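Worksheet for the structure shown next.
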Amino acid sequence: MSWEKSIEELRKRERLAENMGGEEPVSRQRSRGKLTVRERVAFLADPGSFHEIGKIAGKATYTLDDELETFMASNSVTGRATLNGRPAVLLGDDFTVRGGAADAAIWQKMVQAIKQAQEYRMPLVQLIDGTGGGGSVKMLEADPRTYIPETPGWEFIVSGLGEVPFVSLALGPCAGMGAGRVAASHYSVMVKELSQVFVAGPPVSRALGEDVTKEELGGWEIQARNGTVDDVVETEAEAFEMARRFLSYLPSSVHDLPPIEATKDDPNRREEDLISIVPTDGKTPYMPRKIVEAAVDKDSFFEIGRLWGRGIVTGFARIDGHPVGVLAGDPFFLDGAWTADVCDKVVRHMDLCSEFHLPVVHFVDCPGFAVGVKHETEGVTRKGVRAMAAVYQATVPVCAVVIRKAYGLAGSAMFNPSKAKWRYCWPSGDWGSLPMAGGIEAAFRKELSEAEDPEALLKQLYKKFDAIRSPFRTAESFYAEEIIDPRDTRPLLVDFVHHARRVLETGKTAFGPRP
C-alpha cells in the first residue's frame, strides 16, 4: 500500500498547469513580444529558488466516472523565491488564461500571497498583465445577476503597503483591478509599447465618446509623466532588473533596518569638479545629478520617477555602503520651483524613506512654490502644504545640503527645522523669504517711481542687497550652521550617515503610506 498513484495524479495536474492557457494563447502571447508568466518568474527569481503555491488551483471538468477530463489552471501564479539571495513573494498574472482577468484568478491566491508577504515580512513583487477585476459582461449569462462591487483582499493591500515593499511591474494591458494594483505599490515600472495602464480600456472610452487606442489611453507617455508609474524601460528584462535593484536598498519589512553593503569607494573622496559646478552668476542652471553622483558611492545612485515632477530629482543611493534617500532640486525645470507634481513627488518619496528607515540627503535648490495661474489651477497651494507635512512628519534623519536657492515656504521645507539641524551650505547659497529679483522692485516701488534716474537707483539697490544676502552674513548669526567647501561634501555625508544609523528605529510609521 502506498500513495504513489495520488502523487502521479498530482504530477499530471502540475504538467497541465504548466500548459497555462493552451498552445494557441501561449503562441499569441509570444507573438506580441511578451514572455509567459512562468518565463517571467524564471527570469526574475534567483535560479532554482521559486517555490510555487497553489499550482493546481484552477477549473476542472470530469467524466461520468469522475475521471479528470480537462484542467485549466488559475491565471494567477504565486509563490516564494529569493531575489539577490533575499526572500520575496511573487504574484504573477497569466494573460493566456482569459486575458489575466481577476475573476479567473481565484482571488484567494492573491490574498494569500499578500498576507504571506506581510506576516512573514517579505517584499511582494507583482507581475501584472491583466484586463481587470470584473471580467467580461458575458459572465452574466452564466450567472444572471449583478452585484454591488467589492474588492476582495484590498484591505490586505492597504495594510501590506504599511509593512513590506510592494513592487509592481506592468507587463501588458492593466485595466481596472490590474491598474489599481500597479498604482498601489511603492515602486512601479512600465515597458514601452508593451504595457498600458487605465481604469477601463478603449471599448469603454469609445462608449463615452472618446475613440482612442490602448497606447493613447494609458501608454507610458501618459502614465510615466503623470506619476501613476515611477519608471519606464525598454524590455521586460530591464523591468526585472529595476525591481531587483530597487529592493536592494530596502529592508525586507519595516521591522528591519536597510542592509549595509561593503564598498570600495573612499569615504574621504573629494571631487574637484564640485568647486566650479555651480555657475557664479546665480542664474545659469547646472546638472544636479552630477552633484549627487559625486557625493554618493560610485554607481550607487538609483533614480526614481525621472519623467515626472521634473523640478526635483529623487532616488536611492549608498554612502559608505549605507542606503539613503535622495532629493535634489533641478534648476533646469522652472529653476527648481515646486510645482503641483513636484509636491506629489516629494510626498511620495519622503513617505517611502520614512516607512523603510532610509536617512534622507536633500540637495537644496528651490526658489519657492511655482507661481502663476497654471500652477494655482493645478492646486499647487494644497499640494504644497501636503509636501511640507510629509517633510515635517519624516521619521528619519534628514541632512540638507544647500546648493543654491532656498526661498519661501517651499524653500523652508528642506527638513523639519524644529529638530536638530544637520545642514551644510555651499558658498553658492542664496536664500530668504522671497527672491531679491522682483522683491526689490516691489519694496521700493515709490522711490523708483520718484527717482530722477530709476535705473541707476535700482542698480544701487541691487548692489546693496547683494552684499546683505551674502551667505557669510547669514553664518555670522548662526542661521547657516556651516558653510563648506563643496569638495568636502562626500566626507561630511559619510559622517552624517554613520550618526544617522545609530538613531534609526524600526516599526510602522504613525501615518502609514499614501499611495
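Let me spell it out: the conditions are (1) closer than 29 Å to I260 by Cα; (2) surrounded by fewer than 17 Cβ atoms within 10 Å (Cβ to Cβ), and R423 meets all of them except one. Which number is the exception?
Here R423 meets the rest and fails (2).
Looking at region 1-85, what strands (runs of 3 or more DSSP E) fall wholly within it and have at least 2 residues that are touching a residue at least 12 places away in the same chain (Cβ under 8 Å), under 30 Å from P259 (Cβ atoms) and open to solvent by less than 30 Å² (accessible area, probe 1.4 Å)?
On the way: elements: 51-53, 58-62, 68-73, 76-83.
So the answer is 76-83.
I'm trying to understand the selection: among the residues of region 479-512, which are open to solvent by less than 30 Å² (accessible area, probe 1.4 Å) and among the small types (G, A, S)?
From region 479-512, those open to solvent by less than 30 Å² (accessible area, probe 1.4 Å) are 480, 484, 486, 489-490, 493-494, 496-497, 500, 504, 507, 509, 512; that's our starting set.
If the condition is that a residue be open to solvent by less than 30 Å² (accessible area, probe 1.4 Å) and among the small types (G, A, S), then A480, A500, G507, G512 are the ones that fit.
Taking T314, is it over 21 Å from the mean Cα position of the chain (by Cα) and among the β-branched types (V, I, T)?
On the way: over 21 Å from the mean Cα position of the chain (by Cα): no; among the β-branched types (V, I, T): yes.
No.
Look through region 293-316, keep the residues that are closer than 23 Å to V229 by Cα and of a type in the set (A, V, I, L, M), and return whichever of them is most open to solvent (accessible area, probe 1.4 Å). If you could, list the steps in order and put the result at the bottom.
Initial filter on region 293-316 (closer than 23 Å to V229 by Cα): 300-316.
Filter again for of a type in the set (A, V, I, L, M), leaving 304, 307, 312-313.
Details: I304: 11, L307: 46, I312: 3, V313: 1 Å².
Among those that are closer than 23 Å to V229 by Cα and of a type in the set (A, V, I, L, M), it is L307.
Taking region 430-447, which residues are modelled with pLDDT of 85 or more and under 35 Å from the mean Cα position of the chain (by Cα)?
Of everything in region 430-447, those that are modelled with pLDDT of 85 or more and under 35 Å from the mean Cα position of the chain (by Cα) turn out to be D430, W431.
Of the conditions (1) open to solvent by 20 Å² or more (accessible area, probe 1.4 Å); (2) in contact (Cβ under 8 Å) with a residue 40 or more places away in the chain; (3) closer than 30 Å to S253 by Cβ; (4) of a type in the set (F, W, Y), F356 fails just one. Which one is it?
Going through the list (1) open to solvent by 20 Å² or more (accessible area, probe 1.4 Å); (2) in contact (Cβ under 8 Å) with a residue 40 or more places away in the chain; (3) closer than 30 Å to S253 by Cβ; (4) of a type in the set (F, W, Y), F356 breaks only (1).
Quick grid of which residues meet (1) of a type outside the set (A, V, I, L, M); (2) under 20 Å from P515 (Cα atoms); (3) in contact (Cβ under 8 Å) with a residue 40 or more places away in the chain; (4) open to solvent by 20 Å² or more (accessible area, probe 1.4 Å):
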| residue | (1), (2), (3), (4) |
| --- | --- |
| A175 | no, yes, yes, no |
| G178 | yes, yes, yes, no |
| V191 | no, no, yes, no |
| Q196 | yes, yes, no, no |
| R206 | yes, no, no, yes |
| W220 | yes, yes, no, yes |
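Condition first: in a helix (DSSP H, G or I), surrounded by 20 or more Cβ atoms within 10 Å (Cβ to Cβ) and of a type in the set (S, T, Y). Now tell me which residues in region 384-414 satisfy that.
Passing the criteria: none in range.
Considering only region 241-291, state which residues are out of contact with any helix residue (DSSP H, G or I) (no Cβ under 8 Å at 6 or more places or on another chain) and assigned to a helix (DSSP H, G or I).
Within region 241-291, E241, M242, R245, F246, L247, S248, P288, R289 qualify.
Within region 405-422, is even one residue among the charged types (D, E, K, R), within 22 Å of V324 (Cα to Cα) and in contact with a strand residue (DSSP E or B) (Cβ under 6 Å, 6 or more places away or on another chain)?
So in region 405-422, the residues among the charged types (D, E, K, R) come out as 405, 419, 421.
When the remaining residues are screened for being within 22 Å of V324 (Cα to Cα), the result is 419, 421.
Next, from what is left, pick out any that are in contact with a strand residue (DSSP E or B) (Cβ under 6 Å, 6 or more places away or on another chain): none.
No, region 405-422 has no match at all.
Could you please let me know if T284 is among the polar types (S, T, N, Q) and free of Cβ contacts under 8 Å to residues at least 12 places away in the same chain? Reasoning before the result, please.
Numbers: among the polar types (S, T, N, Q): yes; free of Cβ contacts under 8 Å to residues at least 12 places away in the same chain: yes.
Taking the combined requirement at face value, the residue satisfies it.
Restricting attention to region 457-478, which residues are open to solvent by 50 Å² or more (accessible area, probe 1.4 Å), modelled with pLDDT of 85 or more and assigned to a helix (DSSP H, G or I)?
First, pick out the residues of region 457-478 that are open to solvent by 50 Å² or more (accessible area, probe 1.4 Å): 459-460, 462-464, 466, 468-469, 472-473, 476-478.
Now restrict to residues that are modelled with pLDDT of 85 or more: 459-460, 472-473, 476-478.
Scanning region 457-478 gives K459, Q460, F472, R473, E476.
The values are calculated or read from the model by the stated rules, or taken from the named source; none is laboratory data. Keep in mind that what you see is a predicted model, and the values were worked out from it rather than measured. Neighbour counts are summed over all protein chains in view; Cβ atoms, including those assigned to glycine, are modelled from backbone coordinates with ideal geometry. These accessible areas exclude ligands, DNA and RNA; they are computed on the full protein's heavy atoms, side chains included. Shrake-Rupley method; radii C 1.70, N 1.55, O 1.52, S 1.80 Å.
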